[in-house]
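Visitor: Before I ask anything, here is the structure I am working with.
The values are calculated or read from the model by the stated rules, or taken from the named source; none is laboratory data. Note that this is a predicted model, so its numbers are computed, not measured. When we count neighbours, we look across all protein chains shown, and the Cβ atoms used for this are built from the backbone with ideal geometry, even at glycine.
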């Protein structure tokens, strides 16, 4: 996979939760970079999130150290000391400023960080830079994920090749805003802070903020993007309509594809489901309606059971609180119209066959306005219960 100029990666095994896999990773820019981030809206925030939210105000960054297996959340004052120590040790080993190092963690909540195992691995992590790929980082940050999630895209701005690469993790506790996930994006584009902030906000709003698996919001959700400018293009600013639009669209493509990977890998999931509500009174109504359907356990279990029970979709729309007129509502399942003007069309058998596909698209046309929104979700299976019942064992 292509990676941007000036970025190095490493991953090692620290046996944070259990031995046998790499679980500590490092992303490093050879040049200090512009950085932007978005974080969980949960009022209970992990220590690394609190640390990063303070540091992100500087708009500068050079390294991200991340671990899986332990969230370092609900760990009190010691948890913050551990997060700071991870940053300080990494900065000293790399020879960079401490406040340019960001820390991220994912895993079990409420368990003290096993710092004795992490301390002994940070030098190895730094020495390993350049010997690993961004794909190794994607593998190291997995928890209940079944596959690593990474993507890269190359665009041209000012005749210069710009590379954007991203990795993420997430399979459960997925609900905006954002989702239980970590996402790291690196790019060699030359861009100023305000433009990077805007591009990331736009991208996250239409991707990570519109996915849901189980309605739970994590304590550790973090998206960070570093841009080191090594592609050599003219600096992109918000007033640069052409360059900003091109970069922003490419970044949105990256985050949307990563969000699809997260939902496809939902804990125990067998199907990726895209729900589109269109022609709503406004975009807010469209989004609320789509989320009501996506979060409905009755809808999700019906999809798993190949039962096109469209009445559950209508019920979810009805309690969502949006403007709706039953007699105007149409519903489509993978292109098949199953509801017309609020009543069924007698196509249950054909619709049940459509649900056997691995990717499902439900379209609801409200015929009330011009608002449109898409939300990604998955089905709900017995395996979801099993995975989460055994998470700490």
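Visitor: Output the number of the condition that residue 161 fails; it satisfies all remaining conditions of (1) under 23 Å from residue 5 (Cα atoms); (2) surrounded by fewer than 19 Cβ atoms within 10 Å (Cβ to Cβ); (3) in contact with a helix residue (DSSP H, G or I) (Cβ under 9 Å, 6 or more places away or on another chain).
Guide: The one condition residue 161 does not meet is (3).
Visitor: Then there is this: Quick check on the range 271-280. Is at least one of its residues at pLDDT 85 or above, touching a helix residue (DSSP H, G or I) at 6+ places or on another chain (Cβ under 9 Å), more than 23 Å from residue 304 (Cα to Cα) and surrounded by fewer than 19 Cβ atoms within 10 Å (Cβ to Cβ)?
Guide: Residues of the range 271-280 at pLDDT 85 or above: 271-280.
Now drop any that are not touching a helix residue (DSSP H, G or I) at 6+ places or on another chain (Cβ under 9 Å), which leaves 271-280.
Still in the running and more than 23 Å from residue 304 (Cα to Cα): 278-280.
Keeping just the survivors that are surrounded by fewer than 19 Cβ atoms within 10 Å (Cβ to Cβ) gives 279.
Within the range 271-280 (the criterion being at pLDDT 85 or above, touching a helix residue (DSSP H, G or I) at 6+ places or on another chain (Cβ under 9 Å), more than 23 Å from residue 304 (Cα to Cα) and surrounded by fewer than 19 Cβ atoms within 10 Å (Cβ to Cβ)), the answer is yes, since at least one residue qualifies.
Visitor: Sticking with this one: Looking at 100, 60, 131, 119, which is the one that is in contact (Cβ under 8 Å) with a residue 40 or more places away in the chain and more than 25 Å from the chain's Cα centre (by Cα)? Explain how you work it out, then say what you get.
Guide: Values: 100 fails: more than 25 Å from the chain's Cα centre (by Cα); 60 fails: more than 25 Å from the chain's Cα centre (by Cα); 119 fails: in contact (Cβ under 8 Å) with a residue 40 or more places away in the chain.
Step by step, each of 100, 60, 131, 119 is checked, and only 131 is in contact (Cβ under 8 Å) with a residue 40 or more places away in the chain and more than 25 Å from the chain's Cα centre (by Cα).
For (1) crowded, with 21+ Cβ neighbours inside 10 Å; (2) in the same structural domain as residue 153 (by TED's automatic domain parsing), each residue gets a yes or a no:
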residue	(1), (2)
259	yes, yes
296	yes, no
312	no, no
316	yes, no
319	no, no
322	yes, no
345	no, no
348	no, no
357	no, no
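Visitor: Would you mention how many residues in the range 296-314 are in a helix (DSSP H, G or I), under 19 Å from residue 373 (Cβ atoms) and free of Cβ contacts under 8 Å to residues at least 40 places away in the same chain?
Guide: Qualifying residue count, the range 296-314: 2.
Visitor: Scan the range 25-38 and tell me whether some residue there is crowded, with 21+ Cβ neighbours inside 10 Å, modelled with pLDDT under 95 and out of contact with any strand residue (DSSP E or B) (no Cβ under 6 Å at 6 or more places or on another chain).
Guide: No; the residues of the range 25-38 include none that is crowded, with 21+ Cβ neighbours inside 10 Å, modelled with pLDDT under 95 and out of contact with any strand residue (DSSP E or B) (no Cβ under 6 Å at 6 or more places or on another chain).
Visitor: Of 128, 136, which residue is in contact with a strand residue (DSSP E or B) (Cβ under 8 Å, 6 or more places away or on another chain), assigned by TED's automatic domain parsing to the domain that holds residue 51 and modelled with pLDDT under 95? Walk me through how you get there before you give the answer.
Guide: Values: 136 fails: modelled with pLDDT under 95.
Step by step, each of 128, 136 is checked, and only 128 is in contact with a strand residue (DSSP E or B) (Cβ under 8 Å, 6 or more places away or on another chain), assigned by TED's automatic domain parsing to the domain that holds residue 51 and modelled with pLDDT under 95.
Visitor: Pick from 286, 351: which is under 22 Å from residue 206 (Cα atoms) and in contact (Cβ under 8 Å) with a residue 24 or more places away in the chain?
Guide: Details: 351 fails: under 22 Å from residue 206 (Cα atoms).
Every option except 286 fails the conditions.
Visitor: Sticking with this structure for a sec: Out of everything in the range 322-353 that is touching a strand residue (DSSP E or B) at 6+ places or on another chain (Cβ under 7 Å) and part of a helix (DSSP H, G or I), what residue ends up being nearest to residue 302 (Cα to Cα)?
Guide: Only one residue fits best here, namely 351.
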